[in-house]
Each structure stands twice: as C-alpha cells, then as structure tokens.
1. At 7 Å along Cα-to-Cβ for each site, give me the label-to-label distance between residue 147 and residue 32 in nm.
2. Between residue 119 and residue 45, how high is the FRET efficiency from 1/(1 + (r/R0)^6) when r is the Cβ-Cβ distance and R₀ = 41 Å? Nearest 0.05.
3. So how do 44, 136, 126 line up by other beta-carbon neighbours within 10 Å, fewest first?
4. Would you mind computing, in nm to one decimal, how far apart the modelled labels at residue 131 and residue 77 are, each placed 7 Å from Cα along Cα→Cβ?
C-alpha cells in the first residue's frame, strides 16, 4: 500500500476481493476445468468443432441436470451469513401469494423503456409494487404510464 493513501489501498483491495467472490459464486459458466477435463459450458462452446461425442455428452448433461440445483450454499457460508434453512419453492410461493386472490400488473415495453430513463422512477415503481398494489396503480395512472392489470384467482 502506498504510505500516503492506505485507506484507498484497503478499499480497492476489499472491492477487488468482493468482485472476485461474486464472480466465483455466480459465473460458473465461464469457469475452466482443471486437469484436462471440460466443464459443460466448455463442451457447449466446442460444439462448433463438430465432434459427435461432444453433442452426446452435452445432451446427456442437459438431460441429467434438468431440475437439479446449479448453485448452492455451503452449510458454513449459510451459517456465517446468518441465513435460515432454505425453503422449497412451493413454500415460498405459498407465503408470497397465500390462498387469496392476487393481481399481476404488467408494464408494456414502451412504459418500461420510459421509466428506465429515470432510475429513481424505476426504484419508486418497485417500492410501490412491494408495498401496495392500489397505490402503484394510482401513481401509474397519475404519471400516464400504460399498464395492464390481470386479477388471478387461486
């Protein structure tokens, strides 16, 4: 570290480590296999070479990995992060939607493009969506932003 800028050096080091951890955790499709092997995505990238065995290996991987987790937490990391045990998708859906009726609000692409011109408006829409559907609808109408409501029954 430079003597005159120790705080900046530490901050840069922490940011670099954080980015490396994020890449390690989320960009598995870009990893390179060790000891002469190939990851599934390396096999996919090699398909253009026309090797018949690559196609067979790729389709086998697709078939056998369907419905399986591709990214998981280690028990130690979940504990370190203070997270509870994972819930099944069905449990999460039951909590989010319950057994009552609910409404899906859809923004046409033109509306979304208009909102994206101002990041604070996107954040505002997302906050309203999490808080209260009725307030979100009123705001969209006031701002003259097109949307569609789809009431759904369980």
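We did not get these values from a lab; they are worked out from the coordinates using the rules stated. Just so it is clear, the model here is predicted, and its values are computed rather than measured. Reconstructed Cβ throughout: ideal geometry from the backbone, glycine too, with neighbour counts over all protein chains shown.
1. For residue 147 paired with residue 32, the spin-label model returns 4.8 nm.
2. 0.75
3. 126, 44, 136
4. About 3.4 nm separates the two model spin labels.
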